[in-house]
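Below you'll find the structure, written out as structure tokens, and then a few comments.
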Amino acid sequence: MRIAGMAALLMAAPASAQGLNAEQADAIVKGCAAHARAKGHAIAVVDLGGHPVAMWRMDGNAFGMMDFSLEKARAVAAWGFPTSGMEEAVKGTPGFADAPHVVPVPGGIPVFSADGRTRLGGVGASGEAPADDAACAAAGIAAAGLKSERAR
């Protein structure tokens, strides 16, 4: 297939086949911010390769929190399950804590397509209590019409 033909094929592929897109990532960060209006989260949305697609630092967020949210997002993009699960896995799996992209603190949530069948990337939120960070990330995913768990 010629290069022009491959480019046309990629452009014609549905968004879910290409991964998380900028419009979805924007909807996620806006959904997170709407959920946590009075709080100060840093929000990072990454694709499956861990590349940032959208990031937003809410007012009042402390230095370093954006970096932490990005690491949470990259961790779930790499592993495919929430960072809250990594917290438990570190306790029960020798050596897991030393594996790449392990963040054993809640606040990182994977992003799946609207039907829950395709993993698209990850969201990380940081700056508040870990449970608040996780709730923020999950709310953003839901606001974008996507899923935070794989369909069974």
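Among the residues of the range 54-61, is there at least one that is of a type outside the set (Asp, Glu) and within 22 Å of ALA151 (Cα to Cα)? Scanning the range 54-61, I find no residue that is of a type outside the set (Asp, Glu) and within 22 Å of ALA151 (Cα to Cα), so the answer is no.
Residues are listed down the side, and each one gets a yes or a no for (1) more than 9 Å from the chain's Cα centre (by Cα); (2) modelled with pLDDT under 95:
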residue	(1), (2)
VAL103	yes, no
ILE109	no, no
LEU120	no, no
ALA125	no, no
ALA129	yes, yes
ALA143	yes, no
ARG152	yes, yes
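For the range 132-150: of the residues being of a type outside the set (D, E, K, R) and outside any helix (DSSP H, G or I), which is nearest to GLY40 (Cα to Cα)? The qualifying residue nearest to GLY40 (Cα to Cα) is ALA144.
For the range 118-130, indicate whether the set of residues that are without any contact (Cβ under 8 Å) to a residue 60 or more places away in the chain, buried (at least 24 other Cβ atoms within 10 Å of the Cβ) and under 16 Å from LEU48 (Cβ atoms) is non-empty.
Going through the range 118-130, the residues without any contact (Cβ under 8 Å) to a residue 60 or more places away in the chain turn out to be 129-130.
Cutting the leftovers down to buried (at least 24 other Cβ atoms within 10 Å of the Cβ) gives us none.
No, that holds for no residue.
In the range 94-131, which residues are charged (D, E, K, R) and in contact with a Pro (Cβ under 9 Å, 6 or more places away or on another chain)? ARG119 - this is the single residue of the range 94-131 that is charged (D, E, K, R) and in contact with a Pro (Cβ under 9 Å, 6 or more places away or on another chain). Of all residues in the range 27-52, those that are without any contact (Cβ under 8 Å) to a residue 12 or more places away in the chain have Cβ atoms under 9 Å from Cβ atoms of residues that are buried (at least 19 other Cβ atoms within 10 Å of the Cβ) and aliphatic (A, V, I, L, M), 6 or more apart or on another chain, in ARG37/MET58; HIS51/ALA77.
Among the residues of the range 82-103, those identified as in a loop (DSSP other than H, G, I, E, B), without any contact (Cβ under 8 Å) to a residue 40 or more places away in the chain and crowded, with 18+ Cβ neighbours inside 10 Å are VAL102, VAL103.
The values are calculated or read from the model by the stated rules, or taken from the named source; none is laboratory data. If you're wondering where the values come from, they're calculated on a predicted model, not measured in any experiment. Ideal geometry is used to build each Cβ from the backbone, glycine not excepted, and the neighbour counts take in all protein chains shown.
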